[in-house]
Amino acid sequence: MAIAQVVDLVKTYRMGAVEVHALRGVDLAINEGDYMAIMGPSGSGKSTFLNLLGCLDTPTRGSYFLGEQDVARLSDAQLSHIRCHRIGFIFQSYNLIQQLSVVENIEVPLYYQGRSAHESRLRATALAEQVGLADRATHRPHELSGGQQQRVAIARAMANDPFIILADEPTGNLDSATGTEILALLDSLSQQGKTIITVTHDEHVATSAHRVVRFGDGRIVSDT
Ligand SMILES: Nc1ncnc2c1ncn2[C@@H]1O[C@H](COP(=O)(O)OP(=O)(O)O)[C@@H](O)[C@H]1O
Ligand SMILES: [Mg+2]
């Protein structure tokens, strides 16, 4: 069953008189439980596509159905509500809040959802445990290794029990051994039935994924 579907998605950036055609008409159905790697050369539109899937930006043209709803034309406030309830993000550079502890970082999405402090703490603590950081719960990001910081980011991405987890180069800043650990964590989320879409240059990630979609010049050139 498709939980997300884009139809003729176009994104054109306008920079003064210059138009950049980042996406030139992308059609893709994302099924529940998909574990998808998005690959392709630099500048082919991968990050633009991921940002649209994550409701961080809106397309110039085309539709994006998330569940039943076409989210391509929503206001900023509506998009932020969708991000808060439906999407989990993992970034190459972790994007943790330095002033907050591990468990507090994981609580951030729950805070935005208006969950109670008690419920949030219980859930965040369980998630910290799930990613192997039970003994680091009160540490700050700068006290952690890169791999541990990415584990926190993965736990945070899981906190709102999202429809889709989106990752942009999740192993890009990590050495290969640590990248392998992070990949094992993504694999285990996939085995739990989570829908995961990851942009990557890393062939190991692509091998783990069940579906590889390649972009070229703003279009999908293969989907296997
Ligand atoms: N915010 C932006 N403003 C203008 N052009 C952009 C912007 N973001 C991306 N682009 C351009 O859109 C094209 C696709 O970029 P991007 O989606 O980042 O590709 P990829 O992630 O595959 O490297 C590139 O030509 C890039 O320069
Ligand atoms: Mg990119």
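The values are calculated or read from the model by the stated rules, or taken from the named source; none is laboratory data. Small disclaimer: the values here were computed from a predicted structure and weren't measured. Methodologically, a virtual Cβ is constructed for each residue, glycine included, from the backbone with ideal geometry; neighbour enumeration extends over all protein chains shown.
So here's what we get for this one:
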{"quantity": "The lone exception for I90 - which of (1) surrounded by fewer than 17 Cβ atoms within 10 Å (Cβ to Cβ); (2) under 12 Å from the mean Cα position of the chain (by Cα); (3) assigned to a strand (DSSP E or B) it fails", "calculated": "(1)"}
{"quantity": "Of the criteria (1) in contact (Cβ under 8 Å) with a residue 40 or more places away in the chain; (2) more than 13 Å from M39 (Cα to Cα); (3) surrounded by fewer than 19 Cβ atoms within 10 Å (Cβ to Cβ), which one N160 fails", "calculated": "(3)"}
{"quantity": "Matching option when the condition is within 16 Å of ligand 2 (Cβ to nearest atom) and either under 24 Å from H201 (Cα atoms) or without any contact (Cβ under 8 Å) to a residue 60 or more places away in the chain (or both), among A37, A4", "calculated": "A37"}
{"quantity": "Hits in the stretch 165-180 (condition: out of contact with any Leu (no Cβ under 6 Å at 6 or more places or on another chain) and either on the phi > 0 side of the Ramachandran plot or outside any helix (DSSP H, G or I) (or both))", "calculated": "I165, A167, E169, P170, T171, G172, N173, L174, D175"}
{"quantity": "Qualifying positions in the stretch 41-70 - more than 12 Å from ligand 1 (Cβ to nearest atom), touching a helix residue (DSSP H, G or I) at 6+ places or on another chain (Cβ under 7 Å) and either without any contact (Cβ under 8 Å) to a residue 12 or more places away in the chain or in a loop (DSSP other than H, G, I, E, B) (or both)", "calculated": "G54, C55, P59"}
{"quantity": "Search result, residues across the stretch 163-197 that are more than 20 Å from S42 (Cβ to Cβ) and buried (at least 21 other Cβ atoms within 10 Å of the Cβ)", "calculated": "I164, I165, I182, L183, L186, K194, T195, I196"}
{"quantity": "Every residue from the stretch 94-127 that is part of a helix (DSSP H, G or I) and of a type in the set (F, W, Y)", "calculated": "Y111, Y112"}
{"quantity": "Output for the stretch 93-125, where each listed residue is among the hydrophobic types (A, V, I, L, M, F, W, C) and surrounded by 14 or more Cβ atoms within 10 Å (Cβ to Cβ)", "calculated": "L96, L100, V102, V103, I106, V108, L110, A124"}
{"quantity": "Residue match in the stretch 151-167 (condition: at pLDDT 95 or above and within 16 Å of ligand 2 (Cβ to nearest atom))", "calculated": "yes"}
{"quantity": "T200 surrounded by 15 or more Cβ atoms within 10 Å (Cβ to Cβ), among the hydroxyl-bearing types (S, T, Y) and more than 16 Å from ligand 2 (Cβ to nearest atom)", "calculated": "no"}
{"quantity": "Residue under evaluation L74, criteria (1) surrounded by fewer than 19 Cβ atoms within 10 Å (Cβ to Cβ); (2) part of a loop (DSSP other than H, G, I, E, B); (3) modelled with pLDDT of 95 or more, criterion not met", "calculated": "(3)"}
